[in-house]
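Let me begin by presenting the structure, written as structure tokens, before commenting on it.
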């Protein structure tokens, strides 16, 4: 009886999953087609002639090792700093009581209503005046603070009972120790979620690195992929293959950390 009741929702979910999977499958399978098949009619999902020449050309034509390294440095460093700064800021907003903290938090949330393009000119001027133009640090520094991360940690820390902190303070644990040894480990699910989001944002970021970087040796992967697209002619088979290669780290990241997102133990260390 339960199976019959859940059948309609299960069917709907499978249909939605199929609708989302078709473009992904088309994108992946098209990377194995020769250029002559990409726009030939009638369009087919499976390649008539399987070929990996697009991958070979993309890998040999571009210095993927350097671009992967640059993008990895930006993504990893920014993600680590974003998680730490967001956790500390969210902890302060959640567990300290002050009128100016509430006002400051509202101001931070207000920044989410501004499109990124609005603050780019002022951010560019700051980066240039700090001497960070055309460096990877110029990409990293403005991307550390994110209102989304601060909000996520604040809301999570507010669900943790204050009694846990009070017990730690009675035991002689300082504020810094309470944060690092108690609060941050409890917020591991949120840290993992934010880390995945932050890594994805930085890995796929295009506009900001394009504005900051001028030296081709400093290019991140997304900016380097733009060079594949010519002014008059686009080598689609190479572009598709290079795009698939650039997605591999994101797929690996999701596969490795997907289970940790669901692990939450807010009441750890408390007794009824």
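The values are calculated or read from the model by the stated rules, or taken from the named source; none is laboratory data. Because the structure is a prediction, the values reported are computed rather than measured. Quick reminder, even Gly has a Cβ in these numbers, built from the backbone with ideal geometry, and neighbours come from all protein chains shown.
Observations on the model:
- In the condition set (1) assigned to a helix (DSSP H, G or I); (2) more than 20 Å from residue 203 (Cα to Cα); (3) in contact with a helix residue (DSSP H, G or I) (Cβ under 8 Å, 6 or more places away or on another chain), residue 118 is compliant with all but (3).
- Scanning region 150-159 turns up no residue that is assigned to a helix (DSSP H, G or I) and over 22 Å from residue 109 (Cβ atoms).
- Any hit, region 200-213, residues being modelled with pLDDT of 80 or more, assigned to a loop (DSSP other than H, G, I, E, B), farther than 24 Å from residue 151 by Cβ and in contact with a helix residue (DSSP H, G or I) (Cβ under 7 Å, 6 or more places away or on another chain): yes
- Candidate set from region 81-99 (those that are under 21 Å from residue 179 (Cβ atoms) and free of Cβ contacts under 8 Å to residues at least 40 places away in the same chain); member that is nearest to the chain's Cα centre (by Cα): 84
- Count - residues of region 29-58 that are outside any loop (DSSP other than H, G, I, E, B) and exposed (fewer than 13 other Cβ atoms within 10 Å of the Cβ): 2
- Condition met for residue 127 (at pLDDT 85 or above, farther than 29 Å from residue 257 by Cβ and under 25 Å from the mean Cα position of the chain (by Cα)): yes
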